[in-house]
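The numbers here are math on the coordinates, done by the rules we state, and not lab data. Computed from a prediction, not measured in an experiment: that's the story for all the values here. Cβ sites come from the backbone with ideal geometry, for glycine too, and all protein chains shown count toward neighbours.
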Amino acid sequence: MQTLMVELDERSYPIHVGPGLIDRGDLYAPYIAGRQVMIVTNETVAALYLQRVKAQLGDYQLAETILPDGEQYKTIDCVEQIWDGLLAARFNRRATIIALGGGVIGDMAGFAAACYQRGIAFIQVPTTLLSQVDSSVGGKTGVNHPRGKNMIGAFWQPRAVIIDTATLESLPPRELSAGLAEVIKYGLIRDLEFLAWLEDNVEALRALDAQALTKAILRSCAVKAEIVAEDETEQGVRALLNLGHTFGHAIETDQGYGRWLHGEAVASGMMMAATLSARLNDLDAAALARVETLLRAAGLPVHAPEGMSSERFLELMRLDKKVLDAGLRLVLLDRLGQARVEANVDEALLVEMLNAYPRATLARQRDDSIG
Ligand SMILES: NC(=O)c1ccc[n+]([C@@H]2O[C@H](COP(=O)([O-])OP(=O)(O)OC[C@H]3O[C@@H](n4cnc5c(N)ncnc54)[C@H](O)[C@@H]3O)[C@@H](O)[C@H]2O)c1
Ligand SMILES: O=C(O)C(=O)C[C@@H](O)[C@H](O)[C@H](O)COP(=O)(O)O
Ligand SMILES: [Zn+2]
């Protein structure tokens, strides 16, 4: 097992990484002060891992909330089910929530913890690649609104993140690729050497090579932990973690939550951001081609959804949380391995880029990447 720390002013916390960690009761124990534990998971993950986690928690008063599976269920209704379960079990302020699952479960369980009796402890036990490299770390919690992605939420840090790398063995290949989008993001925004390593190791990662996955998870968590430590509530540098997300969230909202996976929408969004960066002469053609080649090699889409107009992109992008007084704020690439927030986006240039940008159905893009 290897352990990284997220260093915060108020309360730092560990990220434990290794195979078999969901069976390590000693890793949960320090954060279960009140002896009351609510496990939040979904139907798919419950069938795979719930009994194993429960077996480690036999000495505690246990409750569970098993939610339906899918991004379309990342809603306030599902969070209410968690609150209802906590109240039905008569859990108090010293209760702990364990989020067992992917980013959808982690975001909702964290938000439920942030609000229950004005805040209780929670532990992240992420079981998708995306949640292991990104969503379990950093304390962004919340739900979607029909009008926009992640629009309701809170910053609420977990007490610990327990990453069992062996859980990735049951993850469908499409979900693994979605997780690789966020891994590639770290290379693009902060670490050119890691980006080059990903180019060399993308096949090993897709083949679930344990050593390669562990390295990718550790490096991703280290970059995220460093950025979150610098700027916990996204006043500045943390916005770089949003590379591709202004476009990506627009795609997820337009297509209906769950049709394009978050990682797929972010992949396409990062390609769009890179294309805009190239239009501004920050990236040369060779750098742009490297981004596209890597995303495709990871099994990810790079085109925008068929039929999504430039007007629709702009309408949804204007709802982005990075928008402040006026105008879009986009994360662009200065070069590979270095990003910036561009506050004065030239909308005419953006529209020109959107109009020229290729569109394709997700099914077509997935066929192309598999074939
Ligand atoms: N809070 C953050 O900082 C942050 C960061 C990135 C993404 N997110 C959010 O995370 C969500 C996406 O997370 P995700 O990609 O993990 O999706 P997800 O939670 O929907 O999980 C993907 C699928 O994998 C299944 N699954 C989970 N673990 C499994 C396992 N080990 N074996 C087999 N199947 C398994 C799930 O049931 C689901 O069907 C989005 O809502 C996104 O907005 C949040
Ligand atoms: O942790 C962050 O900060 C991120 O931006 C990570 C993103 O990958 C993630 O998708 C996040 O949920 C997006 O946040 P939002 O504030 O743009 O909704
Ligand atoms: Zn993301």
> Each label point is 7 Å from the Cα along the Cα-to-Cβ direction; what then is the distance between the points at Q255 and N355, in nm?
Replying inline: 2.5 nm
> Contour minus end-to-end for A285 and A55, with contour as 0.36 nm per residue of separation and end-to-end as the Cα-Cα distance?
Replying inline: 77.4 nm
> Given only helices, namely DSSP H runs of n ≥ 4 each adding -39500 (n - 2.57), what is the per-residue ellipticity at 222 nm of the chain, to the nearest 500 deg cm²/dmol?
Replying inline: -13500 deg cm²/dmol
>> For the pair K322/Q235, report the inter-label distance in nm, with labels modelled 7 Å from Cα in the Cβ direction.
In response: 1.9 nm
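Order by neighbour count: M272, M108, M151, fewest other Cβ atoms within 10 Å first, most last.
Exposure proxy ranking, most exposed first: M151, M272, M108.
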>> If you take every residue apart from L8 with its C-beta less than 15 Å away from the C-beta of L8, what net charge results, scoring Lys and Arg +1 and Asp and Glu -1?
In response: -3
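Given axes a ≥ b ≥ c from the Cα gyration tensor, I'd like to know whether the range 173-370 is rounded (a/c under 1.5), prolate (a/b larger than b/c) or oblate. Working shown, then result.
Numbers: a/c = 1.56, a/b = 1.19, b/c = 1.31.
Because a/c hits 1.5 or more and a/b fails to exceed b/c, the range 173-370 counts as oblate.
For Y186, Y257, what ranking results if the residue with the fewest other Cβ atoms within 10 Å of its Cβ goes first?
Numbers: Y186 26, Y257 18.
By the 10 Å Cβ count, ascending: Y257, Y186.
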> From the Cα gyration tensor of the range 2-169, with a ≥ b ≥ c the square roots of its eigenvalues, which class applies: rounded if a/c is under 1.5, or else prolate if a/b is larger than b/c, or else oblate?
Replying inline: rounded
> For L241, what charge total do you get from the other residues with a beta carbon under 10 Å from its beta carbon, if Lys and Arg give +1 and Asp and Glu give -1?
Replying inline: +1
> Among the DSSP beta bridges whose two residues both lie in the range 2-169, what percent are antiparallel, rounded to the nearest 5?
Replying inline: 30 percent
>> What distance in nm lies between label points placed 7 Å from Cα along the C-beta direction at M5 and A210?
In response: 2.9 nm
>> Based on alpha-carbon centroids, what's the gap between the range 172-197 and the range 250-326 in Å, whole number please?
In response: 15 Å
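Using the Kyte-Doolittle scale, which helices in the chain average at least 0.5 and also have C-alpha atoms spread 27 Å or more along the helix axis, with helices defined as whole DSSP H runs?
Details: long enough: 210-230 (30 Å, 0.67).
Both cut-offs are met by 210-230.
By count of other Cβ within 10 Å, fewest leading, how are S369, S268 ordered?
Least to most surrounded, the residues fall as S369, S268.
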> So if we plug the beta-carbon distance of H145 and D200 into 1/(1 + (r/R0)^6) with R0 = 35 Å, what FRET efficiency do we get, rounded to 0.05?
Replying inline: 0.30
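Classify the chain as rounded, prolate or oblate from the Cα gyration tensor: take a ≥ b ≥ c as the square roots of its eigenvalues, call it rounded if a/c is under 1.5, otherwise prolate when a/b beats b/c and oblate if not. Please list the in-between numbers first.
Values: a/c = 1.78, a/b = 1.55, b/c = 1.15.
Prolate shape, in that a/c is at least 1.5 and a/b is the bigger ratio.
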